[in-house]
Amino acid sequence: MSKVALLIIDMQKNCKESTACKASFEKAVEYINEISSYFREKEYPVVIIQDIEAGGPETEGFKCVEELVVSDHDFFVQKIYSNSFWKTELDSILKNEGVDCVVVSGFAVEYCVLFTYNGAIERGYTTFLLRNGLAGFDEEEIKRIQLLRSVVSYEAVEYFLKE
């Protein structure tokens with residue numbers, strides 16, 4: 001049986017401020033909150049990934065947007081590079097949790113989300129993007145990236161993770 005983790009990338013205050021696509025960012029947060037709640041309920045790992053470039057951990061801009069629901073049981077990873085696996089503890093966390101499949105969500109789909117998606121595949125994880133759980137700098141680019149990648153909806157995840 002597969003064990004799935006939800007990766008939530010760069011849903012930080014400075015990231016939201018940096019995009020002109022605020023409506024899709026807010027929609028993505030709502031969708032991510034729905035699925036992360038389901039993951040927590042089923043005791044599947046939720047990993048909050050934060051980019052140091054959004055400001056150091058002591059800055060307001062580094063913090064997750066207030067709309068994003070987080071839990072003390074979530075894993076938190078700080079990254080410097082676009083690929084959340086590169087020079088972080090993400091791969092170790094997932095292996096320690098017995099994860100072999102990841103659902104990737106967050107900001108910016110054109111950069112950090114896509115690079116992390118590719119990084120997960122390179123490390124042997126079955127990997128999906130979360131439909132409607134993606135934000136970026138360009139609405140058309142978000143759509144294009146989803147057309148060319150494995151994408152899963154909340155409903156499909158819920159169906160496949162039923163006990």
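The values are calculated or read from the model by the stated rules, or taken from the named source; none is laboratory data. What you see is a predicted model; the values in this text were computed from it and never measured. Backbone-built Cβ (ideal geometry, glycine too); neighbour counts: all protein chains shown. Remember, those area values only see protein heavy atoms, side chains included, never the ligands or the DNA or RNA. Shrake-Rupley method; radii C 1.70, N 1.55, O 1.52, S 1.80 Å.
Structure summary
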read-out	value
Residues being farther than 12 Å from Lys13 by Cβ and either in contact with a His (Cβ under 9 Å, 6 or more places away or on another chain) or of a type in the set (Lys, Arg) (or both) - total across segment 46-72	1
Given (1) open to solvent by 10 Å² or more (accessible area, probe 1.4 Å); (2) modelled with pLDDT of 90 or more, number of the condition Val65 does not satisfy	(1)
Any hit, segment 134-156, residues being in contact (Cβ under 8 Å) with a residue 60 or more places away in the chain, surrounded by 15 or more Cβ atoms within 10 Å (Cβ to Cβ), assigned to a helix (DSSP H, G or I) and not β-branched (Val, Ile, Thr)	yes
Condition met for Phe39 (without any contact (Cβ under 8 Å) to a residue 40 or more places away in the chain, open to solvent by less than 10 Å² (accessible area, probe 1.4 Å) and either of a type outside the set (A, V, I, L, M) or touching a Leu at 6+ places or on another chain (Cβ under 7 Å) (or both))	yes
Every pair of residues 6+ apart whose Cβ atoms lie under 6 Å, when the first sits in segment 109-122 and is closer than 13 Å to Gln146 by Cα while the second is in a helix (DSSP H, G or I) and of a type in the set (D, E, K, R)	Glu110/Glu141
Residue, nearest to Asp74 (Cα to Cα), within segment 1-20, restricted to residues that are over 12 Å from the mean Cα position of the chain (by Cα) and surrounded by 20 or more Cβ atoms within 10 Å (Cβ to Cβ)	Val4
Qualifying position, being surrounded by fewer than 22 Cβ atoms within 10 Å (Cβ to Cβ) and farther than 19 Å from Tyr125 by Cα, among Thr59, Thr88	Thr59
Which listed residue is surrounded by fewer than 19 Cβ atoms within 10 Å (Cβ to Cβ), under 13 Å from the mean Cα position of the chain (by Cα) and either over 24 Å from Leu161 (Cβ atoms) or not aliphatic (A, V, I, L, M) (or both), from Asp51, Asp74	Asp74
Residues located in segment 131-145, provided they are more than 14 Å from Asn33 (Cα to Cα) and touching a strand residue (DSSP E or B) at 6+ places or on another chain (Cβ under 6 Å)	Ile142
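Condition check ((1) open to solvent by 70 Å² or more (accessible area, probe 1.4 Å); (2) closer than 20 Å to Ala28 by Cα; (3) assigned to a strand (DSSP E or B)) across all residues:
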{"residue": "Ser92", "(1), (2), (3)": "no, no, no"}
{"residue": "Val104", "(1), (2), (3)": "no, yes, yes"}
{"residue": "Tyr111", "(1), (2), (3)": "yes, yes, no"}
{"residue": "Gly119", "(1), (2), (3)": "no, no, no"}
{"residue": "Leu130", "(1), (2), (3)": "no, yes, yes"}
{"residue": "Tyr159", "(1), (2), (3)": "yes, no, no"}
{"residue": "Lys162", "(1), (2), (3)": "yes, no, no"}
